[in-house]
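Nothing in this text is a laboratory measurement; each read-out follows from the coordinates by a stated rule. Bear in mind that the values here come from a model prediction, so they are computed numbers and not experimental data. With ideal geometry, Cβ positions are generated from the backbone for all residues, glycine too; neighbour counts draw on all protein chains shown.
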Amino acid sequence: MSHERTRQKGAEDLYRTTVARIQKIQSQLANAPRGIRLKDKVCIITGVGSMQGIGRASAIRFAHEGAKHLYLIDYAAENLPNLKSTIEIKYPDVKVTTIQADAADEQAISSVCEQAMQEEGRLDVFFANAGIASRDTLANTSTETFMNTMRVNTLSCFLAVKFASAAMMASNASRGKDTSGGSIIMTASTAGIRSGAGPVDYSASKAAVNSIAKTSAYQLQKTDIRVNSICPGLIETGMTGETFEYARQRGSVAKLGQLNPLARFGVPEEIAQVAVFLASDDSSYINGQNVAVDGGLSASHPVIPGRWA
């Protein structure tokens, strides 16, 4: 067998292993017993509209872990009823409020935080997940595109921190919250850590999110409000769907994710698990961090695969 054929067979075998592994990950929730890590917590999540997105997977996982009330927001309304009914049917003890709104709209974000306080008397978690991706080259990126990417990806996180932290500072003994505290989580990207994972506007917006996590943690010192960001690598979502479809059409889908040490792409459920961890008291001493969930991609400078193995 030729070297090229051997290499191709190795890639195909690895891809079959990857598919099996991902199927196992995606089936975990169906067989897992109910958790209590978010018991009695009131949570807000933005960017939940995609049927294959991180926001939807996180909302379902938050419900599985016993969240008391989920306020779920997306700019597009069409998939919100499905998400609401999916959670209510499987987790009838979890309250679900869906809201069609722009996560970068100040009035919308201040209002949902106020609504949570009025209805539940507390706010424990805000997962600012809403975001957009762009694909333009530097030369083709317009000022309008750049500023819109910053608005959706970065301003939305700033507003989440500003208004959620104010709500989280309020104590309410009658609702079981004796002191200030909470967890704010933001979706950034490995593109916000270093170059090579996205265009200029997208990367800049996510680097800013990572900075907000670090800076806000110190702005909120002594409040017991934690602020962290999650930096996903290549995840198969509605946002990255074009990349995956293009690879499938070319017959190169087995190569997706091959640059990281796990040699595979990820799925939304893997990000949702990290979001649950950061939302819960299990991560009570993690603050001001940019948590990379990328199969190890950001752990190294570029190398020839296998060169330093």
(message) How much of the DSSP bridge set in the chain is antiparallel, in percent, rounded to the nearest 5?
(response) 5 percent
(request) Provide the net charge surrounding ASP282, with neighbours chosen by a C-beta distance below 13 Å and charges set as Lys +1, Arg +1, Asp -1, Glu -1. (result) +2
(request) Taking the Cβ of ALA103 as the centre, find all other residues whose Cβ is under 12 Å away and add up their charges (Lys, Arg: +1; Asp, Glu: -1). (result) -3
(request) In Å and from the alpha-carbon atoms only, list the Rg and Dmax of the range 123-230. (result) 15.8, 57
(request) Using only the alpha carbon atoms of the chain, find the Kirkwood hydrodynamic radius as the inverse mean reciprocal pair distance, in angstroms to one decimal. (result) 20.1 Å
(message) Using Cα springs under 10 Å in a Gaussian network model of the chain, which residue among GLU106, GLU78, GLU269 shows the largest mean-square fluctuation?
(response) GLU78
